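*Asks:* Before anything else, here's the structure in question.
The values are calculated or read from the model by the stated rules, or taken from the named source; none is laboratory data. What you are looking at is a predicted structure, and each value in this text was computed from that prediction instead of being measured. Here the Cβ positions follow ideal geometry from the backbone for every residue, glycine too, while neighbour counts run over all protein chains shown. For the accessible areas, the whole protein counts, side chains as well, though only heavy atoms, and no ligand, DNA or RNA atoms are used. Shrake-Rupley method; radii C 1.70, N 1.55, O 1.52, S 1.80 Å.
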Amino acid sequence: MFPRQVLLELQDHSMRGQVVLDGKPEPVSLEAPLPPLTVRNGMPLEREPLGDLIGDLLVRDGLIDHFVLAALPPAAAHWRVVVWPFEDWPDDPARALRQIAPPLNLPFSLEEAYLDLQPLPGSSPQMLLAAAPKALVDAWVDVFAMAGVQLERLAPAQTCQLAALADLLKEAPSDQLVAVLAAEAGDAHRLLLVRAGVPVFERALLSSGDALVDDLVRSIAFYRRQDSAVHDVRLLLTDTVPMRSQLEARLSLLAEDLTPEPFGSLVLQGLAMPDSQP
């Protein structure tokens with residue numbers, strides 16, 4: 001009933017993962033930095049060394065026969081909120097979207113991309129589109145083939161993160177801006193802003209200390225200037241931020257801890273959820 005699974009969160013400079021046994025996640029056991037220039041902007045540049053590294057880690061821990069579910073690096077996929085012009089979505093929304101080809105300002109055409117569409121709340125039919133170039137996704141498939149593992153699924157990190165936040169976002173008032181500051185490799189963080197269950201802004205924050213506080217405050221202020229309907233901000237932190245008191249003072253709020261345990265991150269938590277499967 002419960003297949004043996006390994007969840008992997010891929011990033012440009014590192015990867016981490018954990019095992020799911022009998023439907024329950026074990027502690028994070030796979031954490032490894034990646035050599036410089038191995039992955040760039042989500043694209044694996046050195047496929048064979050990457051495959052060897054993943055395969056060696058899984059062999060080391062006796063996991064090579066497990067099914068692998070992997071989340072692409074955040075830079076691999078571009079996301080857009082797509083509002084459908086008719087009352088209901090078609091049976092095959094990806095095909096219909098390719099046929100209509102709306103102006104989405106993507107750096108590639110929809111025909112050149114794999115598409116993941118997830119429904120979003122709202123009065124009009126709308127979905128979150130995560131699109132990744134076919135060449136990039138196929139390159140990662142090659143990496144896992146070289147690793148000799150059973151790749152069950154590749155998913156966009158954005159889709160996984162929203163799946164992990166779904167229950168929390170359902171309870172948020174429509175005039176509240178939910179800001180999620182999630183830790184990434186090293187000192188990096190990724191900021192996601194969501195209003196009324198719809199993602200409205202995302203940005204990688206590579207700064208630390210006072211500069212991180214400035215970047216986060218500026219990002220929230222920028223969005224609030226665009227959306228006068230926001231009357232409240234809720235800040236959620238997935239790890240310990242040394243400048244937490246400064247953040248709270250600058251934003252005039254109390255930050256909340258968002259602990260994804262027993263998962264190692266929101267992305268890994270969402271990756272394990274059946275509803276996040278594209």
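*Asks:* In what sequence, highest mean first, do 226-232, 124-130 appear when ranked by Cβ atoms within 10 angstrom?
*Replies:* Working: 226-232: 11.4, 124-130: 19.1.
The peptides rank, most packed first, as 124-130, 226-232.
*Asks:* Still on this structure, please answer the following. Considering only protein heavy atoms and a 1.4 Å probe, what is the carbon-and-sulfur percentage of the accessible area of the chain? If you can, show how the numbers build up before the last one.
*Replies:* Details: 7080 of 13690 Å².
On the chain, the fraction of accessible area on carbon and sulfur atoms equals 52 percent.
*Asks:* Let me ask another. Ranked by accessible surface with a 1.4 Å probe, highest first, in what order do MET243, MET273 come? Please report the intermediate quantities before stating the final value.
*Replies:* Values: MET243 30, MET273 60 Å².
Heavy-atom accessible area, descending, gives MET273, MET243.
*Asks:* With only Lys, Arg, Asp and Glu charged, each at its Cβ (+1 for the first two, -1 for the last two), find how big the charge dipole of the chain is about the Cα centre; round to the nearest 20 debye.
*Replies:* Values: 21 positive and 38 negative charges, 118 e Å.
Its charge dipole is roughly 560 debye.
*Asks:* Determine how large the accessible area of GLU261 is when every protein chain is in place; take a 1.4 Å probe and give Å² rounded to the nearest 10.
*Replies:* About 140 Å², rounded to the nearest 10.
*Asks:* Can you compute the label reach from GLN226? Point 7 Å from Cα along the Cβ direction, backbone N cut-off under 19 Å, restricted to the stretch 156-175.
*Replies:* 158-159, 162, 174-175
*Asks:* Can you give the calculated 222 nm mean residue ellipticity of the chain, where each DSSP H run of n ≥ 4 adds -39,500 (n - 2.57) and the sum is split over every residue, rounded to the nearest 500 deg cm²/dmol? Don't jump to the answer; show the numbers that get you there.
*Replies:* Values: 7 runs with 82 residues, N = 278.
So the calculated ellipticity at 222 nm is -9000 deg cm²/dmol.
*Asks:* Enter the Cα centre distance for the pair the stretch 194-235 and the stretch 1-74, rounded to the nearest angstrom.
*Replies:* 30
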